[in-house]
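*Asks:* Would you mind keeping the following structure in view while I ask a few things?
The values are calculated or read from the model by the stated rules, or taken from the named source; none is laboratory data. Source: prediction; values computed, not measured. Positions of Cβ are generated from backbone atoms using ideal geometry, with glycine treated the same way; all protein chains shown enter the neighbour counts.
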Amino acid sequence: MGSMFFGQYLLSKGVITREALLEAIERQRQTNLSLVELAVRRGHIDSDQAEMILASYRTTEADLEDLFFDIGGLNPEKVDELRRVQRSDWVKIGAALISAGHLTRDEVEENLAVFQEEQREADQQLEADFRACKDPKTMKSVVELAIFHLKRFTDRPIKLQALSVGGGELGPGLRRYAQKLQGDRVLYVALDLPAEISSLVAQRFVGFAVDDGSEVQIDAVCECVNIIGGHACTQLEARGFKLRPEPPFSTIGNEPVDEASSSVRASVIAGDASADVRVFV
Amino acid sequence: MTKWRVMTVDDSAAILTIIAAYLEDSEFEVVASERDGAMAVERFAAERPDIVLLDLIMPGQSGVETLERILAIDPDAFVVIVSSLGTEDAVHECLTTGARSFLQKPFTRDSFIEFMRDLTQVA
């Protein structure tokens with residue numbers, strides 16, 4: 001089993017149906033508040049400040065704590081207090097499934113114990129898979145950087161599910177957004193995304209809804225890859241590599257498979273969608 | 001109030017859209033936008049903007065080549081590099097070629113406007 005969220009584990013094991021999972025997620029969405037929503041609800045910041053904090057959080061690398069202070073004037077103690085409130089009120093997926101009548105408490109606890117044990121093994125496997133890659137430090141840092149930015153661009157919980165080495169063919173229904181980094185060595189960083197995630201990334205990036213497959217959408221996601229690639233070069237410079245990115249590109253073919261010997265494929269789950277982060281070496 | 005005349009050069013239409021939106025209703029006016037370095041040089045010669053915001057990584061003519069050609073037309077041109085790449089090498093190359101400043105993507109509306117206002121103190 002790869003690394004996954006508990007709800008998806010229950011679904012994969014046939015313990016719950018997809019409809020039950022979606023209903024539980026919907027209950028969570030209604031109940032669980034982000035720190036920013038909580039701060040508005042409690043009157044610490046207004047909605048304009050909330051929008052500014054979220055916009056900055058999506059598009060910069062600033063810490064949420066710093067943004068709360070700089071934009072909302074909230075000191076770290078106040079943010080800690082918000083975190084405590086958020087934790088105490090947070091409804092986990094198991095609890096949401098119980099309250100919706102899909103599972104009993106015993107069923108949740110029994111499955112959770114097995115899930116946690118399997119997750120420990122899956123996480124160990126991921127670490128081992130990274131170590132088995134050619135240049136594991138580079139692979140890990142690029143994959144983590146891509147996931148970090150994907151989280152910000154989508155505002156979704158994103159989790160690295162599995163790592164594999166392969167030829168790099170694009171999966172069905174996905175579009176590839178890639179960038180070549182060239183210098184001391186050559187590597188490509190690529191996001192293979194379904195339309196749903198592409199739309200979300202583009203919408204968050206430009207600030208308005210864009211048509212699926214439109215030039216603006218493709219261009220916006222390419223720019224996100226450009227940001228990942230540029231920051232990867234900057235990060236790898238600290239490890240002694242001199243790399244420069246080339247212009248990003250988008251394809252529904254398999255490029256750059258012909259030029260690259262192999263790729264590391266990091267499968268990620270983003271809410272109820274999945275995507276791939278690839279590093280071609 | 002006379003606005004600062006800005007030209008933006010980036011192969012990404014999304015970035016051009018974002019910058020134009022960020023500068024709306026400000027003391028800056030986007031007088032030209034180009035997605036290609038060679039076209040940008042011609043447009044610069046025609047428009048002579050106060051500030052050029054220039055991407056570094058573009059297909060065809062690169063940002064540094066475009067910078068050199070703009071400076072050949074006007075050695076006092078105020079060109080700022082806007083790039084996702086923030087390596088010491090890249091920053092050094094741009095500044096020694098003649099760029100006046102360097103802004104790393106991504107940025108927010110507020111940080112961008114603040115950056116632009118700081119530029120006007122020296123432009």
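*Asks:* Can you tell me which of (1) more than 7 Å from chain B (Cβ to nearest Cβ); (2) surrounded by 24 or more Cβ atoms within 10 Å (Cβ to Cβ) is the one A:F205 doesn't meet?
*Replies:* So A:F205 meets the others, but not (1).
*Asks:* While we're looking at this one, here's another question. Can A:L33 be described as outside any helix (DSSP H, G or I) and either small (G, A, S) or under 21 Å from A:A270 (Cα atoms) (or both)?
*Replies:* Spelling it out, A:L33 is indeed outside any helix (DSSP H, G or I) and either small (G, A, S) or under 21 Å from A:A270 (Cα atoms) (or both).
*Asks:* Any idea how many residues of the stretch A:111-160 are touching a residue at least 60 places away in the same chain (Cβ under 8 Å), basic (K, R) and either closer than 25 Å to A:P194 by Cα or surrounded by 20 or more Cβ atoms within 10 Å (Cβ to Cβ) (or both)?
*Replies:* Residues meeting the conditions: 3.
*Asks:* Could you list, in sequence order, all residues of the stretch B:58-82 that are in a loop (DSSP other than H, G, I, E, B), surrounded by 14 or more Cβ atoms within 10 Å (Cβ to Cβ) and touching a residue at least 40 places away in the same chain (Cβ under 8 Å)? Steps first, please.
*Replies:* Step one: filter the stretch B:58-82 for residues in a loop (DSSP other than H, G, I, E, B), giving B:58-62, B:74-78.
Subset that is surrounded by 14 or more Cβ atoms within 10 Å (Cβ to Cβ): B:58, B:61-62, B:77-78.
Correct list: B:M58, B:F78.
*Asks:* Condition first: assigned to a helix (DSSP H, G or I), more than 10 Å from every other protein chain (Cβ to nearest Cβ) and crowded, with 20+ Cβ neighbours inside 10 Å. Now tell me which residues in the stretch B:13-35 satisfy that.
*Replies:* If the condition is that a residue be assigned to a helix (DSSP H, G or I), more than 10 Å from every other protein chain (Cβ to nearest Cβ) and crowded, with 20+ Cβ neighbours inside 10 Å, then B:I19, B:L23 are the ones that fit.
*Asks:* A:R239 passes all but one of (1) touching a Pro at 6+ places or on another chain (Cβ under 7 Å); (2) modelled with pLDDT under 85; which number fails?
*Replies:* Only one criterion is unmet by A:R239, namely (1).
Residues are listed down the side, and each one gets a yes or a no for (1) among the aliphatic types (A, V, I, L, M); (2) under 24 Å from the mean Cα position of the chain (by Cα); (3) over 27 Å from A:S267 (Cα atoms):
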| position | (1), (2), (3) |
| --- | --- |
| A:D66 | no, yes, yes |
| A:D70 | no, no, yes |
| A:G73 | no, no, yes |
| A:G94 | no, yes, no |
| A:G101 | no, no, yes |
| A:T104 | no, no, yes |
| A:V114 | yes, no, no |
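*Asks:* Take B:F107 and tell me if it is modelled with pLDDT under 95, over 25 Å from A:V201 (Cα atoms), outside any helix (DSSP H, G or I) and within 14 Å of chain A (Cβ to nearest Cβ).
*Replies:* So B:F107 does not fit the description; no.
*Asks:* Quick one: which helices (runs of 4 or more DSSP H) lie wholly within the stretch A:67-142 and hold at least 1 residues that are touching a Ser or Thr at 6+ places or on another chain (Cβ under 6 Å)?
*Replies:* A:105-132
*Asks:* Is the stretch B:64-85 home to any residue that is more than 14 Å from chain A (Cβ to nearest Cβ) and closer than 30 Å to A:L150 by Cβ?
*Replies:* Scanning the stretch B:64-85, I find at least one residue that is more than 14 Å from chain A (Cβ to nearest Cβ) and closer than 30 Å to A:L150 by Cβ, so the answer is yes.
*Asks:* Still on this structure: Which of the residues belonging to the stretch B:1-14 are touching a residue at least 40 places away in the same chain (Cβ under 8 Å) and either in contact with a Pro (Cβ under 7 Å, 6 or more places away or on another chain) or over 9 Å from B:L53 (Cβ atoms) (or both)?
*Replies:* B:W4, B:R5, B:V6, B:M7, B:D11, B:S12
*Asks:* Also, I was wondering about something else. Filter the stretch A:143-155 for residues that are over 15 Å from A:S267 (Cβ atoms) and of a type in the set (D, E, K, R); which is modelled with the highest pLDDT?
*Replies:* First, the residues of the stretch A:143-155 that are over 15 Å from A:S267 (Cβ atoms): A:145, A:148-149, A:151-155.
The next check asks that each one be of a type in the set (D, E, K, R); those that pass are A:151-152, A:155.
Numbers: A:K151: 86, A:R152: 82, A:D155: 76.
So, considering only residues that are over 15 Å from A:S267 (Cβ atoms) and of a type in the set (D, E, K, R), the one modelled with the highest pLDDT is A:K151.
*Asks:* Next up: Before we move on, is A:L145 hydrophobic (A, V, I, L, M, F, W, C), assigned by TED's automatic domain parsing to the domain that holds A:S198 and touching a Pro at 6+ places or on another chain (Cβ under 8 Å)?
*Replies:* no
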